[in-house]
1. Give the stretch B:65-85 a look and list any residue that's hydrophobic (A, V, I, L, M, F, W, C) and under 11 Å from the mean Cα position of the chain (by Cα), or say none.
2. Please list, ordered by residue number, the helices (runs of 4 or more DSSP H) wholly in the stretch B:43-143 having 1 or more residues that are within 14 Å of chain A (Cβ to nearest Cβ).
3. Give the residue that is surrounded by the most Cβ atoms within 10 Å (Cβ to Cβ), with candidates limited to residues of the stretch A:42-78 that are in a helix (DSSP H, G or I), touching a residue at least 12 places away in the same chain (Cβ under 8 Å) and within 13 Å of chain B (Cβ to nearest Cβ).
4. From the list A:108, A:126, A:58, A:79, exactly one residue is modelled with pLDDT under 95 and of a type outside the set (Phe, Trp, Tyr). Which is it?
5. Given the options B:62, B:112, name the one that is in the same structural domain as residue B:11 (by TED's automatic domain parsing) and either free of Cβ contacts under 8 Å to residues at least 40 places away in the same chain or farther than 22 Å from residue B:137 by Cβ (or both).
6. Here is a list of conditions, (1) crowded, with 19+ Cβ neighbours inside 10 Å; (2) farther than 20 Å from residue B:50 by Cβ, and residue B:120 meets all of them except one; can you say which number that is?
7. Take residue A:106 and decide whether it is surrounded by 12 or more Cβ atoms within 10 Å (Cβ to Cβ) and touching a Pro at 6+ places or on another chain (Cβ under 7 Å).
8. Working only within the stretch A:79-111, note down all residues that are charged (D, E, K, R) and assigned to a strand (DSSP E or B).
Amino acid sequence: MSVKFFACSFLFVSICTLSSFQRKPAFDMKASAARGKETYIAYCISCHMEKGEGIEDVYPPLAKSDYMMADKKRSIQQVLRGVTGEIKVKGKVYNTEMSGFDLSDQEVSDVLNYLRNSFGNKGEVVTPEQVKALRK
Amino acid sequence: MASLTLKINSKNYTVNTDPKMPLLWAIRDIVGLTGTKYGCGIAQCGACTVHLEGTPVRSCSLPVSAAANKNITTIEGLSVDNSHPVQLAWIQEQVPQCGYCQSGQIMAATALLKRNANPTDKDIDAAMQGHICRCGTYPRIRKAIKTASQLMASTK
């Protein structure tokens, strides 16, 4: 009796666990970055240029950017609210104002996933939930 | 002051100027190509858009030194006789009202069509979002981009 009971409970728990995994699929980084590329072309490219190289002394590079890759939270806030004042990127000081962007949580997540995994950068996922949490 | 070479519309110009001066000043006041307009001066309106190595940039906030020795295309460089498909489409759809922002709009549209020959409304809205038109000609801009897309396809 008790063996049967344990077997049944084990089966029940396993099914619950598996189905909960199924309900929450893994974040599709590739799709997010692909959408982010379009957002990048529309909003960012005119200053940061096609390969994220930026423009010397004026617009900081995003390619292999030590500054950008150092702080994911800061990047989210910068896309939402903009940047003012001096920043140091790859050993050079930049002081050009960037305005914040009126983008959805998903668009911010997508564009950062593109940037953080292109142009020689490699970084962990930025989810729309993380963006939402930083809007407050 | 510095002596810089600007390659505008496949022609070389040597300018003697402060390297930090915006590219727009050099294009308009030194070289004398006044088709590109000054709008806001802070890269927010799109009126001053030119192509730098094919990428649309805001010439009002780009130092002239950053554009030295690179290929710059202004509205005058699209064609000598308004025969570029985007210009033809603009004329056909009678897009401009006051016209002030239109050079920038056309340069942005040209760059979009080069990248995406058959853009959807969504693609157009996304690509043109940084270009403000105080007359509100946006529906005609969208229409003209589609017309230009067809013109380009039919001449291929």
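1. Start the filter on the stretch B:65-85 by keeping residues that are hydrophobic (A, V, I, L, M, F, W, C), which leaves B:66-68, B:72, B:75, B:78, B:80.
Within the stretch B:65-85, B:72, B:75, B:78 qualify.
2. Numbers: elements: B:64-67, B:85-92, B:102-115, B:121-128.
Where helices (runs of 4 or more DSSP H) fall fully within the stretch B:43-143 and carry at least 1 residues being within 14 Å of chain A (Cβ to nearest Cβ), they are B:64-67, B:102-115, B:121-128.
3. Going residue by residue through the stretch A:42-78, those that are in a helix (DSSP H, G or I) are A:42-43, A:45-48, A:66-70, A:72-78.
Remaining after also requiring touching a residue at least 12 places away in the same chain (Cβ under 8 Å): A:43, A:47-48, A:66-69, A:72-73, A:75-78.
Going one step further and asking which of them are within 13 Å of chain B (Cβ to nearest Cβ), we end up with A:43, A:47-48.
Working: A:43: 20, A:47: 20, A:48: 23.
The selected residue is A:48.
4. Numbers: A:108 fails: modelled with pLDDT under 95; A:126 fails: modelled with pLDDT under 95; A:79 fails: modelled with pLDDT under 95.
On inspection, the qualifying residue turns out to be A:58.
5. Working: B:112 fails: in the same structural domain as residue B:11 (by TED's automatic domain parsing).
The conditions single out B:62.
6. Evaluating residue B:120 over (1) crowded, with 19+ Cβ neighbours inside 10 Å; (2) farther than 20 Å from residue B:50 by Cβ leaves (1) as the failure.
7. Details: surrounded by 12 or more Cβ atoms within 10 Å (Cβ to Cβ): yes; touching a Pro at 6+ places or on another chain (Cβ under 7 Å): yes.
Against the criterion (surrounded by 12 or more Cβ atoms within 10 Å (Cβ to Cβ) and touching a Pro at 6+ places or on another chain (Cβ under 7 Å)), residue A:106 qualifies.
8. The initial filter retains those residues of the stretch A:79-111 that are charged (D, E, K, R), namely A:81, A:86, A:88, A:90, A:92, A:97, A:102, A:105, A:107, A:110.
Correct list: A:88, A:92.
The values are calculated or read from the model by the stated rules, or taken from the named source; none is laboratory data. The structure displayed is predicted, hence computed values, not measured ones. Cβ: placed from backbone, ideal geometry, glycine included. Neighbour counts: every protein chain shown.
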